[in-house]
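The values are calculated or read from the model by the stated rules, or taken from the named source; none is laboratory data. Remember, predicted model here, so these are calculated numbers, not experimental data. All Cβ positions, glycine included, derive from the backbone under ideal geometry; neighbour counts span all protein chains shown.
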Amino acid sequence: MQDQHRGTGAQAQAADRQEPAILVERPQDGIAVVTLNRPGARNALSLEVLKGLREIFSQLASDDAVRAIILAANGPAFCAGHDLKELTAHRGQADGGKAFYSETMTTCSELMQGMVACPKPIIAAVHAMATAAGCQLVATCDLAIAAQGAKFCTPGVNIGLFCSTPMVALSRNVPRKRAMEMLLLGEIIDAQTAADYGLVNRVVPAERLMDEAMGFARRIADKSAATVRIGKEAFYRQIEQPLGEAYDYAAAIMVENMLYRDAEEGIGAFIEKRNPEWKGC
């Protein structure tokens, strides 16, 4: 089944082709594929696309039928980042565009935080170029698969607009000096370098990109949704805490998790050498 999002918010329109800017498909039980669909604009993140993605991920977060999400893109680029033409067009406003820029950056930040808060793991399937806020999208996803020809860049410094919001996701996913290298030099790195940095999990031939992403999604979808949910939330909460607080929090989460019906079932199935039957609770 394919959901087409048109108009405002989640109904963002690909004006250049009069096609939906975002596609949502359910190719298999438990899996949703969200596809950026502005190929003529290199999938640039206009304000409407940002709002659309924010709404879509919010909807999928509360959809019990979805266990894992893949973020992909159509066209010659994965995502070129913010729509610079749209941003420039608002400079002529009385405030120099400040209100529009504020809304755009706030919406972008809300989208990224919503992706982290989403209880369903999100897997980026990256082809071609992921630039600036497009690279931020990749870094924000829980997992990322890159095609061999994929490239990544945070080039804002080259045009006088430092990639400050992409920096938030980037600095939480790659070592500090690698992040600073990307941010200060603004140079393109290839897929293998991105994997070496820890920005992506795997690099595969382009023709296998979606198969690999679907393989990740299927394996996640086959696990207890309750366990995945509690684990993803715990990961992002503990990673921001001091060591002692992180262990106290994680220990309490394990106690809570042990009381889940799925934990009882999973442990019992392991001991009895049978397949577990998950109930999601």
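Table for the structure above
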{"read-out": "All positions within region 118-154 that are over 18 Å from residue 31 (Cα atoms) and surrounded by fewer than 19 Cβ atoms within 10 Å (Cβ to Cβ)", "value": "148, 149"}
{"read-out": "Any chance residue 200 is out of contact with any Lys or Arg (no Cβ under 6 Å at 6 or more places or on another chain), on the phi < 0 side of the Ramachandran plot and assigned by TED's automatic domain parsing to the domain that holds residue 81", "value": "yes"}
{"read-out": "Scope region 70-89; condition closer than 16 Å to residue 20 by Cβ, buried (at least 23 other Cβ atoms within 10 Å of the Cβ) and in contact (Cβ under 8 Å) with a residue 60 or more places away in the chain; matching residues", "value": "71"}
{"read-out": "Residue 179 in contact (Cβ under 8 Å) with a residue 24 or more places away in the chain, among the small types (Gly, Ala, Ser) and closer than 16 Å to residue 130 by Cα", "value": "no"}
{"read-out": "Region 162-186, residues that are surrounded by 14 or more Cβ atoms within 10 Å (Cβ to Cβ) and part of a loop (DSSP other than H, G, I, E, B)", "value": "162, 163, 172, 173, 174, 186"}
{"read-out": "Close pairs (8 angstrom Cβ cut-off, 6 or more residues apart or separate chains): in the same structural domain as residue 124 (by TED's automatic domain parsing) in region 183-197, of a type in the set (Ser, Thr, Tyr) anywhere", "value": "183/154; 186/154; 189/197"}
{"read-out": "Meets criteria (in contact with a helix residue (DSSP H, G or I) (Cβ under 6 Å, 6 or more places away or on another chain) and aliphatic (A, V, I, L, M)) for residue 234", "value": "yes"}
{"read-out": "Lone unmet requirement of (1) without any contact (Cβ under 8 Å) to a residue 40 or more places away in the chain; (2) closer than 19 Å to residue 140 by Cα; (3) in a helix (DSSP H, G or I) for residue 40", "value": "(2)"}
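Okay, residues lined up against (1) on the phi > 0 side of the Ramachandran plot; (2) in contact with a Pro (Cβ under 6 Å, 6 or more places away or on another chain); (3) outside any helix (DSSP H, G or I); (4) not assigned by TED's automatic domain parsing to the domain that holds residue 130:
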| residue | (1), (2), (3), (4) |
| --- | --- |
| 25 | no, no, yes, no |
| 31 | no, no, yes, no |
| 35 | no, no, yes, no |
| 51 | no, no, no, no |
| 56 | no, no, no, no |
| 64 | no, no, yes, no |
| 68 | no, yes, yes, no |
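Condition check ((1) basic (Lys, Arg); (2) closer than 19 Å to residue 72 by Cα; (3) not in a strand (DSSP E or B)) across all residues:
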| site | (1), (2), (3) |
| --- | --- |
| 194 | no, yes, yes |
| 200 | no, yes, yes |
| 208 | yes, yes, yes |
| 212 | no, yes, yes |
| 216 | no, yes, yes |
| 227 | no, no, yes |
| 232 | yes, no, yes |
| 236 | no, no, yes |
